[in-house]
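Here's the structure, in structure tokens; my notes come after.
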Amino acid sequence: MKFLICALIVAASYVAAEEVKVEEGVLVATVNNFKQIISDNEFVLVEFYAPWCGHCKALAPEYAKAAQQLAEKESPIKLAKVDATTESELAEQYQVRGYPTLKFFRSGAPVEYSGGRQAADIIAWVTKKTGPPAKDLNSVVDAEQFLKDNEIAIIGFFKDLESDEAKTFTKAANALDSFVFGISNNDDIFTKYEANNNAVILFKPFDDKKSIFEGELNEDNLKKFAQVQSLPLIVEFNHESAAKIFGGAIKSHLLFFVSKEAGHIEKHVDPLKNIAKKYREDILFVTISSDEEDHARIFEFFGMSKEEVPTIRLIKLEEDMAKYKPEVNDLSSETIEAFLQKFLDGKLKQHLLSQDLPEDWDKQPVKVLVSSNFENVVMDKSKSVLVEFYAPWCGHCKQLAPIYDQLAEKYKDNKDILIAKMDSTANELENIKISSFPTIKYFRKGDNKVIDYNLDRTLDDFVKFLDANGEVTDPEPTEESFEDEEAPKKDEL
């Protein structure tokens, strides 16, 4: 009888367990089979996606490619996916707040995925998480297979694997999840790849096929070497490369706005590879195709139209997205190199977007500001100026508009206070950077002290603030006053 009961329990458990479907090498996980997938496999990378998500669609073929390549290698690592829109219970359990979200389960314990979104990057990351920081290569066959299995691979050549140099290399390998490292003291491997003792070589399928590390061997230098040399001399901007471009060591980017269909890359970009190589430690060369509709917002960010293509811009990410525009649209090697050198010498002035000043800018109670009249109007010490920095697409700015108009109407005859607004998507200022919309700042009469407005956006609170000359503070601003701030729509840029 006991045996029968046990048999029934076992049978019931098999009935309850849902069959695991496989699509293009990827396990399809659901609420009913998720625990089974995680328990049956020591290593599982899980993608939580939404069918309508553009980034998920871009990831899908690379994710499947990675799963298939891991299977071909008979790797114990499995890739799974969860439709978070139908399997909401799983999405909630693992705190999925955006798409795609990837989590790596190691013996059932999840960790956040922090790698890239191309097949090679995915394989490199999960491989690093399941093995030693650097794979031991004991023969030429080992090395050849290692390079065959990995598009981008870094090998350290050390006669003494216990040397300080070898330990530094291993430490760097452990810190860089997105790259695959190998290490060897085998003489035949040294000969095969023409390597000296303590050499580090990055192997890749493009440009010069390999890059040899130069300089002092330390963790920071090795990290920059890997991030810089693993990218092509000239990188095409797309969904897959965006993370590497913006998350890399090089924060200054020369952007080529081109049309691939019109042959601009062959005509204007390819001839610049020598210059790209010369400046690659300081400036990353990136192409952005005007043929892609997804790139429209990038053009907007730079205040450009597609009719200006081909052209270039330079951006410095560290300086609040500081942008630079050449004086002439000459894409010759000599002109571009001179432009880059002037930038590196600190002799370029930022290019700031500005609209033309409307003729009726001061005819309404709310004065209209653009870059060209901002200084004269706002920094006039004879009056205090309240400025709303807004975006035309910002829904919360639109909600504020009638209240702001009422406020301006109330103070239109006040000689000491001016109410103004500026479209910050079309007008930029060198010393004031706006990170969310709406942002409201008070420029005080007399000393031009800038005071951020942090009260609720009600007419009464605005009046209280202005009548107190900006000296009113709210120790605990309500959640409402901040939940309606929107970040600038500047895409990955």
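The values are calculated or read from the model by the stated rules, or taken from the named source; none is laboratory data. Just so we're clear, the structure is a prediction, and the values are computed from it rather than from any experiment. Here the Cβ is made from the backbone with ideal geometry for all residues, glycine too, and neighbour counts use every protein chain on show. Surface areas here come from the heavy atoms of the whole protein model, side chains and all, with no ligands, DNA or RNA. Shrake-Rupley method; radii C 1.70, N 1.55, O 1.52, S 1.80 Å.
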When Tyr279 is run through (1) modelled with pLDDT of 90 or more; (2) farther than 25 Å from Lys224 by Cα, the failure sits at (2)
Filter the range 389-424 down to residues that are surrounded by fewer than 21 Cβ atoms within 10 Å (Cβ to Cβ) and closer than 26 Å to Leu348 by Cα, then give me how many there are.
1
Could you list, in sequence order, all residues of the range 181-196 that are outside any strand (DSSP E or B), over 19 Å from Gln229 (Cα atoms) and touching a residue at least 40 places away in the same chain (Cβ under 8 Å)?
Asn186, Asp188, Ile189, Lys192
Of Ala173, Ala124, which residue is buried (at least 21 other Cβ atoms within 10 Å of the Cβ), assigned to a helix (DSSP H, G or I) and outside the structural domain of Ala64 (by the TED database)?
Ala173
Criterion: in a helix (DSSP H, G or I), within 25 Å of the chain's Cα centre (by Cα) and either over 27 Å from Tyr63 (Cα atoms) or not basic (Lys, Arg) (or both) - qualifying residue of Ile245, Ile250, Ile275:
Ile245
Quickly run through the range 51-66 and pick out the residues that are within 27 Å of Phe146 (Cβ to Cβ), open to solvent by 10 Å² or more (accessible area, probe 1.4 Å) and of a type outside the set (Lys, Arg).
Pro61, Glu62
Based on what the data block shows, is Ile265 of a type outside the set (Gly, Ala, Ser), more than 29 Å from Gln341 (Cβ to Cβ) and in contact with a strand residue (DSSP E or B) (Cβ under 7 Å, 6 or more places away or on another chain)?
no
If Lys260 satisfies every condition in (1) outside any helix (DSSP H, G or I); (2) at pLDDT below 95; (3) surrounded by 17 or more Cβ atoms within 10 Å (Cβ to Cβ) but one, which is the exception?
(3)
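Do the conditions hold for Ser178, that is, is it in a loop (DSSP other than H, G, I, E, B), out of contact with any Cys (no Cβ under 8 Å at 6 or more places or on another chain) and surrounded by 15 or more Cβ atoms within 10 Å (Cβ to Cβ)? Please lay out each step first, then the result.
Numbers: in a loop (DSSP other than H, G, I, E, B): yes; out of contact with any Cys (no Cβ under 8 Å at 6 or more places or on another chain): yes; surrounded by 15 or more Cβ atoms within 10 Å (Cβ to Cβ): yes.
Taking the combined requirement at face value, the residue satisfies it.
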Output yes when any residue across the range 350-360 is touching a residue at least 40 places away in the same chain (Cβ under 8 Å), over 32 Å from the mean Cα position of the chain (by Cα) and surrounded by 19 or more Cβ atoms within 10 Å (Cβ to Cβ), and no when none is.
no
Unmet criterion (only one of (1) touching a residue at least 24 places away in the same chain (Cβ under 8 Å); (2) surrounded by fewer than 19 Cβ atoms within 10 Å (Cβ to Cβ); (3) in contact with a Leu (Cβ under 7 Å, 6 or more places away or on another chain)) for Leu386
(2)
For Lys381, indicate whether it is out of contact with any Ser or Thr (no Cβ under 6 Å at 6 or more places or on another chain), modelled with pLDDT under 95, more than 30 Å from Glu266 (Cα to Cα) and open to solvent by 20 Å² or more (accessible area, probe 1.4 Å).
yes
Please go through the range 145-180 and pick out each residue that is at pLDDT 90 or above and among the hydroxyl-bearing types (Ser, Thr, Tyr).
Ser163, Thr168, Thr170
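From the list Phe104, Phe48, which one is open to solvent by less than 30 Å² (accessible area, probe 1.4 Å) and either closer than 19 Å to Phe179 by Cα or aliphatic (A, V, I, L, M) (or both)? Give the steps one after another, and end with the answer.
Numbers: Phe48 fails: either closer than 19 Å to Phe179 by Cα or aliphatic (A, V, I, L, M) (or both).
None of the other options fit; the residue is Phe104.
The rows are residues; the columns are (1) touching an Asp or Glu at 6+ places or on another chain (Cβ under 9 Å); (2) at pLDDT 95 or above; (3) open to solvent by 60 Å² or more (accessible area, probe 1.4 Å); (4) more than 24 Å from Leu233 (Cα to Cα).
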{"residue": "Ser289", "(1), (2), (3), (4)": "yes, no, no, no"}
{"residue": "His295", "(1), (2), (3), (4)": "yes, no, no, no"}
{"residue": "Gly303", "(1), (2), (3), (4)": "yes, no, no, yes"}
{"residue": "Lys316", "(1), (2), (3), (4)": "no, no, no, no"}
{"residue": "Pro326", "(1), (2), (3), (4)": "no, no, no, no"}
{"residue": "Asn329", "(1), (2), (3), (4)": "yes, no, yes, no"}
{"residue": "Pro365", "(1), (2), (3), (4)": "yes, yes, no, yes"}
{"residue": "Leu369", "(1), (2), (3), (4)": "yes, yes, no, yes"}
{"residue": "Asn376", "(1), (2), (3), (4)": "no, no, yes, yes"}
I'm told Ser435 meets every condition in (1) open to solvent by 80 Å² or more (accessible area, probe 1.4 Å); (2) in contact with a His (Cβ under 7 Å, 6 or more places away or on another chain) except one. Can you identify the failing condition by its number?
(2)
